[in-house]
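This report refers to the structure that appears directly beneath it.
The values are calculated or read from the model by the stated rules, or taken from the named source; none is laboratory data. Just so you know, these numbers come straight off a predicted model, no measurement behind them. Cβ atoms come from the backbone with ideal geometry, glycine included; neighbour counts cover every protein chain shown. Accessible surface areas use protein heavy atoms only, side chains included; no ligands, DNA or RNA. Shrake-Rupley method; radii C 1.70, N 1.55, O 1.52, S 1.80 Å.
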Amino acid sequence: MRTIKSFLAALFIMAAFSITAQSMQYEKQVESLLEQMTLEEKIGQMNQYNGFWNVTGPAPENGTAAKKYEHLRNGWVGSMLNVRGVENVRAVQKIAVEETRLGIPLIIGFDVIHGYKTQSPIPLAEAASWDLEAIHKSAAMAAKEAAAAGINWTFAPMVDISRDARWGRVMEGAGEDTYLGCEVAAARVRGFQGEDLASPHTIAACAKHYAAYGFAEAGRDYNTVDIGRSTLHNVVLPPFKAAKEAGVKTFMNAFNELNGIPATGNAYLLRDILKGDWGFEGFVVSDWGSINEMIAHGHARDTSHAAELAVEAGSDMDMESYAYVEELASLVREGVIDEILIDDAAARVLHVKYELGLFDDPYRYCDAAREKEVTGSKEIMDACLDMAKKSIVLLKNERGLLPLKKEGQKIALIGTLAADNNSPLGSWRLAADDNTAVSVLEAMKVYAGNEIRYASGAELAIGNTAFITEMEINTTDKTGFAEAVATAKEADVVVMVLGEHGFQSGEGRSRTNISLPGVQQELLETVYAANPNVVLVLNNGRPLALPWAAENIPAIVEAWQLGTQSGHAIAQVLYGDYNPSGKLPVSFPRSLGQVPIYYNHKSTGRPVSPGDKLVFWSHYIDEENSPLFPFGYGLSYTTFEYSNLQLSKNKFTGDDAIKASITLKNTGTLKGKEVVQLYLHDRFASVTRPVKELKGFQLVALEAGESTTVSFIIDKKLLQFYTAKGEWAAEPGMFGIMIGSSSEEGLMGEFELVGTKH
Ligand code: NOJ
């Protein structure tokens with residue numbers, strides 16, 4: 001672990017190398033401001049409170065709210081979260097700017113996770129598009145809408161890799177793969193922050209949850225994480241590094257402990273790697289109350305100790321633990337903490353405030369006319385619809401069921417989610433008005449040539465749906481089955497919208513059962529028995545285990561939770577007005593017992609059966625090893641053929657590169673898009689490497705009958721990993737290559753990296 005002295009040396013070196021003139025100017029301003037600040041005011045910049053009273057009403061007079069209010073007026077609050085809307089933000093900002101001694105503006109944070117008021121698809125769904133431009137745009141639109149409502153900073157993107165479908169927050173990230181995760185992380189950061197952070201249309205981003213939160217044991221949220229060095233460096237950290245390289249201004253640490261040390265107090269993660277090796281100059285916010293949670297973890301003895309550990313480790317801002325505001329000043333005065341750490345943390349926060357333009361104009365994000373014009377604008381709605389269509393994955397399409405014919409059909413639409421205007425808004429929709437999503441039922445009716453008959457079949461949830469703990473899932477009431485069966489019997493095609501309610505995934509929503517919730521599986525089988533022409537549209541925030549449906553239902557469309565424009569996106573795909581091109585960013589298991597299941601697993605010493613009847617190889621005796629639907633998988637209404645894998649050479653030294661190409665042909669009758677995927681396999685290494693790893697992808701659009709050459713450049717950087725020596729290097733030897741349409745299908749070859757050190 002680094003000493004404070006070496007940390008300070010690193011800090012000064014970093015400062016000396018700060019690149020832009022603008023940034024140097026801010027540094028000077030920060031420095032001169034720090035000189036005027038009392039210790040308490042500097043600590044104030046490290047303190048973040050949740051919105052604690054109705055800011056447009058009277059000031060709080062008693063209790064905690066009154067105390068927080070006093071802190072705000074003393075200049076002891078640097079940031080607030082969950083205050084939103086121009087009127088409210090202006091009111092708190094006014095206190096900070098006009099009533100405190102130095103008038104330092106607040107930075108206002110909010111969870112803009114999949115949109116602000118207008119909801120885009122949940123992040124897992126967006127990742128299924130593999131369309132980085134669209135993802136970038138989606139983040140930019142969310143930023144624009146949030147910024148217009150007074151927000152300066154989103155707690156997104158979540159870049160946690162997750163391999164466990166039980167974990168509810170799978171919905172919030174880009175899935176199981178590190179390479180895709182890196183690309184999506186960078187696109188989201190750039191989308192939120194834009195070219196100019198001081199623009200009133202952009203907001204600061206936050207890479208979270210640093211680190212390894214997605215590896216909670218047994219998929220139970222907030223649980224212990226215990227992973228090895230190789231997994232940490234090769235799988236977990238790269239998307240955070242990619243976010244840093246994309247210029248992310250802030251990081252959020254995590255609730256979990258990592259190998260015995262809570263992430264919030266983890267100097268190895270924060271000081272050594274993030275602020276040391278990577279040279280991150282922004283600030284780190286704790287997760288909600290996570291500083292104090294170090295007591296429950298069994299790491300800190302009390303709040304004062306927790307504050308000490310967190311600040312020493314490099315957590316710059318305290319979200320709702322009250323630990324910094326209450327404990328840090330005495331810790332400094334007693335000589336337990338060096339004031340230089342406070343100066344550094346406060347400077348980091350102030351610097352981001354300068355970059356946001358808050359010192360030039362604290363009300364820059366508080367323009368009521370702009371808020372009115374931007375919120376729910378056509379530009380934002382159109383981007384949400386576009387993103388939603390691109391997020392859909394066609395999993396199965398037999399008997400020519402899809403696209404649906406536009407005329408003369410009787411269509412039975414079954415499932416309570418088909419008529420739901422709330423669930424598609426997903427889990428993190430704090431600013432959205434309830435019931436503002438377009439339902440599938442509403443959107444199907446836009447296609448007037450067919451007769452649509454709706455039957456709910458069964459309610460999914462009973463009672464309050466805002467929090468899953470209060471949400472009772474219907475496991476018994478089948479009174480709607482008869483109507484559903486009757487409706488199905490009269491129909492040419494049955495469209496069933498089934499899956500999880502939007503509130504069944506997200507924070508704190510871990511599940512031990514990843515099948516269709518409630519009585520929906522039984523409903524599916526009952527309706528199928530009445531009319532087998534079933535198109536199953538899935539709504540879910542995590543991979544589901546649906547072996548019966550995969551075997552029996554002829555057409556399956558993965559439609560996640562797609563946000564405000566959900567119904568239109570689904571209807572346009574069902575009717576073929578949009579040809580789906582999404583690919584799964586997570587493996588779908590055959591059964592829960594396979595979890596965690598992910599395509600880039602290791603080989604083991606016994607990867608295949610040594611003989612038909614032998615039991616001693618790495619497998620289950622009651623289930624296959626392979627997933628139901630693999631990572632990278634997804635169909636189109638057209639078909640693509642891969643041929644002619646060519647490598648420019650079969651050996652390279654690392655000073656040069658290999659060009660790998662294939663021919664891709666659209667062999668169907670419709671134009672369409674295909675995500676061409678490059679996978680590599682390092683056959684032997686000082687630390688064993690996965691059986692394959694995604695190392696590149698391209699989204700290619702082709703007219704019917706058209707062909708093109710798709711190429712990838714393979715250089716040594718693509719082959720590097722965190723070796724047994726703890727360095728990033730490519731090791732010489734043989735590599736397998738596959739270019740194809742999913743992690744399980746492609747053209748294969750091999751090449752060799754020669755030489756000794758790369
Ligand atoms: C806790 C969550 O873990 C984090 O992701 C979120 O940003 C904060 N709460 C603030 O709402």
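Using only Cα atoms, tell me the angle between helix 4-16 and the longest principal axis of the chain; keep it within 0 to 90° and round to the nearest 10. On a 0 to 90 degree scale, this one is about 80. Heavy atoms of the protein chains alone define the surface here; on that basis the stretch 4-371 has 32 Å² accessible area per residue at 1.4 Å probe size. Pairs from the list Lys244/Lys390; Lys68/Lys275; Lys244/Lys659; Lys390/Lys665; Lys671/Lys717; Lys410/Lys583 with a Cα-Cα gap above 24 Å: Lys244/Lys390; Lys68/Lys275; Lys244/Lys659; Lys671/Lys717; Lys410/Lys583. Per-residue packing, averaged as other Cβ atoms within 10 Å, sorts the ranges 471-484, 262-275, 376-389, 37-50 into the order 262-275, 37-50, 376-389, 471-484, beginning with the highest.
Which shape class, rounded, prolate or oblate, goes with the stretch 621-758 when its Cα gyration tensor gives a ≥ b ≥ c as root eigenvalues, a/c under 1.5 marks rounded, and past that a/b bigger than b/c marks prolate? Verdict is oblate for the stretch 621-758. The alpha-carbon of Lys489 sits under 18 angstrom from the alpha-carbons of these aspartates and glutamates, leaving out residues fewer than 8 places away in its chain: Glu451, Glu522, Glu525.
Within the shell of other residues whose beta carbon sits under 15 angstrom from the beta carbon of Leu702, the net charge comes to -1, with Lys and Arg scored +1 and Asp and Glu -1. Over all directions, the projected convex hull of the C-alpha atoms in the stretch 186-325 averages 8.6 nm² in area.
Within the shell of other residues whose beta carbon sits under 15 angstrom from the beta carbon of Trp76, the net charge comes to -3, with Lys and Arg scored +1 and Asp and Glu -1.
For the chain, the share of DSSP beta bridges that are antiparallel, to the nearest 5, is 55%. Overall dimensions of the stretch 390-539, expressed as equivalent-ellipsoid semi-axes from the Cα gyration tensor (√(5λ), whole Å, largest first), are 26, 18, 14. Note on Lys396: aspartates and glutamates with a C-alpha under 13 Å away, same-chain residues under 8 apart excluded, are Glu551, Glu558.
Extent of the chain along its three principal axes (Cα atoms, max minus min coordinate, largest first): 75, 67, 47 Å. Note on the chain: helix-only mean residue ellipticity at 222 nm, from DSSP H runs of 4+ residues weighted -39500 (n - 2.57) and normalised by residue number, equals -8000 deg cm²/dmol. Highest mean packing comes first when the peptides 717-728, 444-455 are listed by Cβ atoms within 10 Å, giving 444-455, 717-728. Consider all pairwise Cα distances in the stretch 4-371 and report the whole-number % of them above 40 Å. I get 7 percent for the Cα pairs in the stretch 4-371 exceeding 40 Å.
How far is the Cα center of the stretch 366-421 from the Cα center of the stretch 609-649, in Å? For the stretch 366-421 versus the stretch 609-649, the Cα centre distance is 32 Å.
Highest average first, the peptides 249-255, 157-163 ordered by how many other beta carbon atoms sit within 10 Å of their residues are 157-163, 249-255.
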